[in-house]
Amino acid sequence: MKVEYRIYMGIGVFVLLITAVYFFWAKEYGGVTMLFGVAGLGIMPALYFGWWRKRMDPRPEDSETATIAESKGVIGAFPSNTIWPFVLGMGAFLSALSLVFGEWTLVIGGALLIFGAASVTLESRRGGVI
Amino acid sequence: MTIADERKDLSHDEGGHEHDHGGPKGIYLWLTSTDHKVIGKSYMYTSLVFMLIAGAMAMIIRAQLTGPNNHLVSQQTYNELFTIHGSMMLYLFAGPFAFGGFANYILPLQIGAPDMAFPRLNALSYWLFLTGGVTMLSGFFTSGGAAAFGWVSYAPLSSYSNAPGAGPDLWIVAIVLTGFSGIFTAVNLITTAFYLRAPGLTMFRLPIFTWNMIVTGMLILIAFPILTAAMIMLYADRHFGAHFFTVSGGGSPVMWQNLFWFFGHPEVYILALPYFGIVTEVIPVFSRKPVFGYKGLVFATLSIGALSTGVWAHHMFTTGTVLLPFFSALSLLIAVPTGVKVFTWIATMWGGDIEFKTPMLFVVGFLVTFVMGGVTGVMLAAPPIDFAVHDTYFVVAHFHQVLAGTAVFGGFSGFFYWYPKLTGRMYREGLGKLQFWMAFVGFSLTFFPQYIIGLRGMPRRVPVYLVSDHVTFLNQLSTVGAFLTGASFVVWLINMLISWKRPVAAGDNPWDGHTLEWATSSPPPHHNFVTLPPIRSARPLWDANHPEHADYKSPGHGVEFRDEEVNK
Amino acid sequence: MSSFKFVKERHRSIEGLALVGLALVLSSCSNAFGGYRGATTQGQSEASLYQGFMITGIVVAGITFLGLFYVLVKYRRRKGTNKIPKQRHSNLPVEVIYTVIPVLIVIGLFVFTVRSENKITQVSSNPNVSVDITAFQWGWRFTYSNGVSIVSQGANYPQLVLPSNETTKVTLVSQDVVHGFYVPAFNFSRYALPGVTNYFDLTPTTTGTYVGRCSALCGLYHGEMLFSVRVVTPSQFKSWLTQQKAA
């Protein structure tokens with residue numbers, strides 16, 4: 001976790017530095033706002049990783065000498081096949097098209113979105129395998 | 001239970017292997033799969049189809065420019081063609097081919113993971129990409145035609161009064177959809193690389209390709225939300241009477257340029273970094289050497305990522321509204337890590353045993369075009385030179401050599417390199433080499449004349465020019481080159497067809513690869529690995545196959561295994 | 001002695017190469033590396049910067065390509081051999097060198113860039129002539145301070161007349177979308193933005209007529225939004241201006 005933390009922190013702090021230089025040199029606030037936001041995008045995840053770094057057990061993937069056998073337990077549930085991402089995708093597609101063709105596609109798209117989102121959630125609660 | 005056992009169990013439990021256990025097949029498999037390999041391949045083939053479509057548009061554009069006053073297509077059609085050509089190549093080919101296709105397929109394999117961290121999100125992001133692409137193309141079938149304001153869609157040319165009709169709206173929707181697809185993929189890639197690595201695969205043992213994908217993912221997360229926000233503002237301007245970018249309502253058209261390029265410049269590196277990663281995988285394998293200066297390369301990549309957020313306004317030097325020295329300095333500075341990369345590649349080959357298979361040839365083509373594009377890129381970082389050639393064919397030649405050079409030469413290098421892993425089949429070496437030479441000669445013939453065309457003052461995005469510009473012959477030369485490049489893709493299609501119809505088994509590790517993706521079968525089973533070699537350096541498979549030359553024999557490059565691990 | 005001779009010979013061959021290169025440069029008709037020499041003082045400043053960048057670029061790209069092709073030829077796999085080369089991971093001095101040298105080059109380029117850019121973007125407070133240029137879809141309006149105004153009409157491209165060796169201050173605006181005021185022979189372009197007023201100076205040095213165009217995509221007839229610039233002597237300019245005023 002240390003390296004992950006440092007990457008994000010490094011980028012965040014560097015951009016903060018650029019923001020400061022830009023702020024005092026250019027005195028243009030649109031750019032400062034965007035740069036400041038980007039610095040936040042670096043520092044925010046860095047804080048998350050930093051927080052976990054102190055609280056989690058050392059991981060075998062961070063150890064120079066771990067053996068393959070050291071990784072025990074379930075890594076996660078990976079459903080092989082599920083139709084719901086496709087349903088969600090079509091829902092998002094039709095909903096987005098309503099921006100061009102009017103509200104009627106939103107009715108179908110929105111219904112698909114809600115149906116798909118609910119189904120994906122239920123699928124996870126049932127254990128992820130369909 | 002080890003990871004390897006776990007994986008075996010999982011694949012038994014779920015019966016997900018495409019051929020073994022009677023799982024879904026054909027279209028239904030394609031619709032429902034959450035396997036990163038199926039999704040990665042879908043991404044790859046879809047984006048290549050988009051590339052062929054956008055390439056065909058480029059052929060029409062070039063044909064129009066063979067004479068100063070051609071009337072092959074109308075001005076309106078011409079504007080639509082280059083708009084959609086650029087948009088498709090950038091949003092639907094170069095990016096998704098790399099971070100949707102290669103990264104999806106290769107990154108989990110390289111880190112010894114069974115799948116991506118969020119498989120269903122991964123599938124969703126593919127569907128958003130596909131529907132986004134279809135949306136963009138469907139603009140041509142509306143009565144007003146597709147968007148015709150250039151891929152940068154500068155306000156207020158993109159306002160409703162200047163660009164009425166459904167085409168521009170479809171373009172906006174397409175960008176938003178593909179934008180979300182990119183964001184989801186980026187989240188997925190970073191999480192996978194941070195949390196699903198095999199034991200012993202520390203961050204500084206990751207293959208450079210994976211490193212580059214991490215940085216690409218971070219840049220996507222920085223850039224794409226801004227693009228999406230800008231698109232929503234543009235849509236609000238067009239339809240809800242907002243005034244973000246209209247002067248009459250107190251808005252600022254220049255703000256659009258700031259927002260767009262704040263996305264647009266990191267985007268350039270989003271497109272380039274994955275291909276740099278591919279090149280950094282191919283060169284060591286075909287030189288039979290480790291990457292030279294691994295840590296330097298990683299820091300170069302990270303500093304490109306960090307610097308790329310502060311260079312956006314070098315696209316706006318001629319607006320007269322930006323602080324020239326600041327952006328000029330950062331733009332020049334970003335050439336340094338890029339240069340370091342090039343020198344690293346050369347140093348990796350230095351003293352090696354270079355085998356010129358098709359992937360390696362494409363790498364050489366990449367290096368030549370990229371260095372040319374890079375040198376002219378440094379020129380464009382100087383505002384005075386930019387004043388002289390901004391928005392001319394000089395810039396067109398520059399970014400095609402940089403972007404198309406990386407995406408086509410780097411991309412096809414990677415495609416041929418991993419094709420045996422993707423399919424288990426071998427392509428035909430002769431046809432691959434023929435494709436390379438046609439593409440390389442054609443590509444150079446297309447874009448070198450364009451530098452001179454630009455220096456003589458021909459602006460981009462014009463369907464006509466003057467006889468007195470003395471660019472007619474150069475344009476014809478460029479067109480010949482473009483058609484030669486186009487023909488090289490026909491050779492590629494023939495190659496794919498032959499290798500599909502008359503398969504030659506490739507074997508699991510045809511190139512004597514270094515990284516984990518070559519440690520599994522070709523194509524890999526569901527959930528990827530049955531066993532993993534012990535990971536003690538950045539090149540676990542090389543260590544296993546060449547113990548006498550293993551990385552851990554060099555001080556500071558890994559730890560020697562214990563005997564019981566080797567024998568396992 | 002022999003080494004001296006060798007050096008001398010090599011020197012001569014370098015001179016020969018330089019001559020060939022120079023001939024190539026000169027033969028490309030009043031251009032420098034394909035670019036315009038610049039018909040204004042600002043454009044000439046750009047041209048010399050461009051030359052500097054071009055020479056640096058040729059040297060850097062040349063060294064890179066030499067290295068690349070040397071490696072590709074020297075270390076290609078010969079038929080029938082199957083040796084594993086020495087596994088070299090890094091060499092700190094080499095890495096430092098190939099990082100520091102680009103940094104130094106870039107700093108040098110930056111210094112010259114800033115000098116040139118300050119010359120080009122400088123706006124004089126008491127110009128000899130002032131012109132307001134308005135860009136619109138799809139044409140130009142040039143308005144001189146005494147009220148003379150020249151506008152595109154139909155297929156007639158408007159002509160901007162400027163005095164040579166005098167400084168003209170241009171005030172550039174756009175009426176609708178983003179346009180670009182671009183005169184290739186002046187090595188100069190500047191966007192005409194709606195809502196933003198841009199100022200810049202032009203000091204033409206060579207009389208003649210030059211083509212000008214719109215550089216930023218501005219809609220359907222972007223490709224035909226041309227104009228011309230005629231540079232005349234100050235006295236000719238004065239008589240032209242009074243003539244226009246009378247007419």
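Which one of B:Ala63, B:Val467, B:Leu361 has its Cα pushed farthest toward the positive end of the charge dipole of chain B, where Lys and Arg give +1 and Asp and Glu give -1 at the Cβ?
B:Val467
Provide C:Trp138, A:Trp84, B:Trp500 in ascending order of the number of other Cβ atoms located within 10 Å of each residue's Cβ, fewest first. Please report the intermediate quantities before stating the final value.
Numbers: C:Trp138 19, A:Trp84 24, B:Trp500 11.
If I rank by nearby Cβ atoms, fewest first, I get B:Trp500, C:Trp138, A:Trp84.
Which FRET efficiency value, to the nearest 0.05, do you get for B:Gln76 and B:Leu52 by plugging their Cβ-Cβ distance into 1/(1 + (r/R0)^6) with R0 = 22 Å? Write down the numbers at each step before the final one.
Working: r = 24 Å, r/R0 = 1.08.
Efficiency, rounded to the nearest 0.05: 0.40.
Mind checking the full-extension length gain between C:Leu92 and C:Tyr221? Use 0.36 nm per residue of separation minus the Cα-Cα distance, one decimal, nm.
Working: separation 129, 0.36 × 129 = 46.44 nm, distance 5.66 nm.
Contour length minus the Cα-Cα distance gives 40.8 nm.
Give me the one-decimal nm value for the distance between modelled label points at A:Ile108 and C:Val73, 7 Å along each residue's Cα-to-Cβ direction.
Computed distance between label sites A:Ile108 and C:Val73 equals 6.4 nm.
Take the alpha-carbon centre of the range C:169-247, take the same for the range B:255-305, and report the distance between them in whole Å.
The distance from the Cα centre of the range C:169-247 to that of the range B:255-305 comes to 41 Å.
Please compute, for the alpha-carbon atoms of chain C, the extent along each of the three principal axes and give them in descending order in Å.
On the principal axes, chain C reaches 85, 45, 34 Å in Cα extent.
Which length gain, in nm to one decimal place, applies between B:Leu29 and B:Asn69 when the Cα-Cα distance is subtracted from 0.36 nm times their residue separation? List each step's numbers first, then the result.
On the way: separation 40, 0.36 × 40 = 14.40 nm, distance 5.10 nm.
Going from the current span to full extension adds 9.3 nm.
Along its three principal axes, how long is chain A when you only count alpha carbons? Whole Å, largest extent first please.
Taking max minus min along each principal axis of the Cα atoms, chain A gives 54, 51, 19 Å.
Given a 10 angstrom Cα cut-off, can you work out which residue in C:Ala135, C:Ala185, C:Ala61 is the most mobile in a GNM of chain C?
Checking each option, the largest mean-square fluctuation is seen for C:Ala61.
Tell me what chain B gives for mean residue ellipticity at 222 nm when only DSSP H runs of n ≥ 4 count, each as -39,500 (n - 2.57), the sum divided by the residue total, rounded to 500 deg cm²/dmol.
On the way: 20 runs with 343 residues, N = 568.
Roughly -20500 deg cm²/dmol at 222 nm, from the helical runs in chain B.
Average partner chain C-beta neighbours within 10 Å, per residue of B:290-296?
Numbers: counts 4, 2, 6, 9, 2, 3, 7.
If you average over the peptide's residues, the count of other-chain Cβ atoms is 5.
In nanometres, what is the gap between the two model label sites at B:Lys433 and C:Leu104, each 7 Å from Cα along Cα-to-Cβ?
4.2
To the nearest 10 degrees, how steep is helix C:92-121 against the longest Cα principal axis of chain C, on a 0 to 90 scale?
20
Full extension from A:Lys27 to A:Glu64: what is 0.36 nm times the residue separation minus their Cα-Cα distance, to one decimal in nm? Please report the intermediate quantities before stating the final value.
Numbers: separation 37, 0.36 × 37 = 13.32 nm, distance 4.74 nm.
Gain in length upon complete extension: 8.6 nm.
Hey, what D do you get for the range C:129-246 in µm²/s if you plug the Kirkwood alpha-carbon radius into Stokes-Einstein at 4 °C and 1.567 mPa s? Write out the running numbers ahead of the final one.
On the way: Rh = 14.2 Å.
For the chosen part, D equals 91 µm²/s.
Please list the non-local residues whose amide H lies under 5 Å from the amide H of B:Gly200, H modeled 1.01 Å from N, same-chain partners needing a gap of 5 or more.
Hits under the 5 Å cutoff: A:Glu61, A:Asp62, A:Ser63, A:Ala66.
Would you mind checking the radius of gyration and Dmax of the range B:38-95 based on alpha-carbon positions, in Å?
My reading of the Cα-based Rg and Dmax gives 13.6, 48 Å.
On average, how many beta carbons from a partner chain sit within 10 Å of the beta carbon of a residue in B:73-81? Before the final figure, lay out each step's value.
Values: counts 0, 1, 6, 2, 0, 3, 5, 0, 0.
Mean partner shielding for this stretch: 2.
Among A:Trp51, B:Trp211, what is the fewest-to-most ranking by other Cβ atoms within 10 Å?
Values: A:Trp51 12, B:Trp211 23.
Placing the least packed residue first, the sequence is A:Trp51, B:Trp211.
Count the DSSP beta bridges whose two residues both fall in the protein assembly as shown, then state the antiparallel fraction as a percent rounded to the nearest 5. Mind dumping the intermediate values first?
On the way: 34 of 47 bridges.
Counting DSSP beta bridges with both partners in the protein assembly as shown, the antiparallel share is about 70 percent.
Expressed as a rounded percentage, what relative contact order does chain B have, with Cα pairs under 8 Å and six or more residues apart?
16
Any lysines with Cα under 24 Å of the A:Lys2 Cα? List them, leaving off those in the same chain fewer than 8 positions away.
A:Lys54, A:Lys72, B:Lys295
Nearest 10 degrees is fine. How inclined is helix B:253-287 to the longest principal axis of chain B, computing both from alpha carbons?
30
Hey, how much of the P(r) for the protein assembly as shown falls beyond 44 Å, as a percent of Cα pairs?
On the way: 144158 of 446040 pairs.
Counting every Cα pair in the protein assembly as shown, those more than 44 Å apart make up 32 percent.
Please go through the residue pairs B:Lys357/C:Lys86; B:Lys341/C:Lys86; B:Lys41/B:Lys341; B:Lys357/B:Lys553 and name each one whose alpha carbons sit more than 25 Å apart in this structure. Walk me through the numbers on the way to the answer.
Values: B:Lys357/C:Lys86 21 Å; B:Lys341/C:Lys86 21 Å; B:Lys41/B:Lys341 28 Å; B:Lys357/B:Lys553 29 Å.
Correct reply: B:Lys41/B:Lys341; B:Lys357/B:Lys553.
Placing unit charges on C-beta atoms (Lys and Arg positive, Asp and Glu negative, everything else neutral), compute the dipole magnitude of the protein assembly as shown about its Cα centre in debye, rounded to 20. Working shown, then result.
Details: 61 positive and 49 negative charges, 388 e Å.
That gives a dipole near 1860 debye.
Based on the Cβ-Cβ distance from B:His546 to C:Thr206, what FRET efficiency comes out when R0 is 56 Å, to the nearest 0.05? Intermediate results must be reported in sequence, preceding the final value.
On the way: r = 67 Å, r/R0 = 1.20.
Computed FRET efficiency for B:His546 and C:Thr206: 0.25.
Tell me the angle of helix B:166-195 to the major Cα principal axis of chain B, expressed in degrees between 0 and 90 and rounded to the nearest ten.
30
Tell me what chain A gives for mean residue ellipticity at 222 nm when only DSSP H runs of n ≥ 4 count, each as -39,500 (n - 2.57), the sum divided by the residue total, rounded to 500 deg cm²/dmol. Walk me through the numbers before you get to the answer.
Working: 4 runs with 93 residues, N = 130.
Here the helix-only value at 222 nm equals -25000 deg cm²/dmol.
With viscosity set to 0.890 mPa s at 25 °C, what whole-number translational diffusion coefficient in µm²/s follows for the range A:2-70 from Stokes-Einstein and a Kirkwood radius over Cα pairs? If you can, show how the numbers build up before the last one.
Values: Rh = 13.7 Å.
The diffusion coefficient I find is 179 µm²/s.
Give the peptides B:527-534, C:205-212 in descending order of average Cβ contacts within 10 Å, highest first. Please list the in-between numbers first.
Numbers: B:527-534: 21.9, C:205-212: 16.5.
Sorting B:527-534, C:205-212 by mean packing, highest first, produces B:527-534, C:205-212.
Can you give the direction-averaged projected area of the convex hull of the alpha-carbon atoms in chain B, in nm²?
Working: hull surface 104.3 nm².
Orientation-averaged projected area of the Cα hull: 26.1 nm².
Just want the ordering: B:Ser138, B:Ser468, from fewest to most Cβ atoms lying within 10 Å of their own Cβ. The partial results should precede the final answer.
Values: B:Ser138 18, B:Ser468 8.
Fewest-to-most ranking of B:Ser138, B:Ser468: B:Ser468, B:Ser138.
Dipole of the range B:436-551, Cα-centred, from +1 at each Lys and Arg C-beta and -1 at each Asp and Glu C-beta, to the nearest 20 debye?
Numbers: 7 positive and 7 negative charges, 125 e Å.
In debye, rounded to 20, the range B:436-551 gives about 600.
How would you rank C:80-86, B:347-353, C:186-192, highest first, on the average number of other Cβ atoms within 10 Å across their residues? Don't skip to the end; give the middle numbers.
Details: C:80-86: 9.6, B:347-353: 22.4, C:186-192: 27.3.
So the peptides C:80-86, B:347-353, C:186-192, ranked by packing, come out C:186-192, B:347-353, C:80-86.
What's the FRET efficiency of A:Leu122 with B:Phe140 using the Cβ-Cβ distance as r and R₀ = 41 Å, to the nearest 0.05? Don't skip to the end; give the middle numbers.
On the way: r = 40 Å, r/R0 = 0.98.
That gives a FRET efficiency of 0.55.
What does the average come to when, for each residue of peptide B:110-122, you count the partner chain Cβ atoms lying within 10 Å of its Cβ?
On the way: counts 0, 1, 3, 3, 3, 5, 1, 3, 2, 8, 10, 3, 1.
The per-residue average across the peptide is 3.
Any read-out appearing in this document is the output of simple, stated calculations on the displayed coordinates, not a laboratory observation. Predicted model, so just to flag it, every value in this text is computed and none were measured. Heads up, the Cβs are rebuilt from the backbone with ideal geometry, glycines too, and the neighbour counts pull from every protein chain shown.
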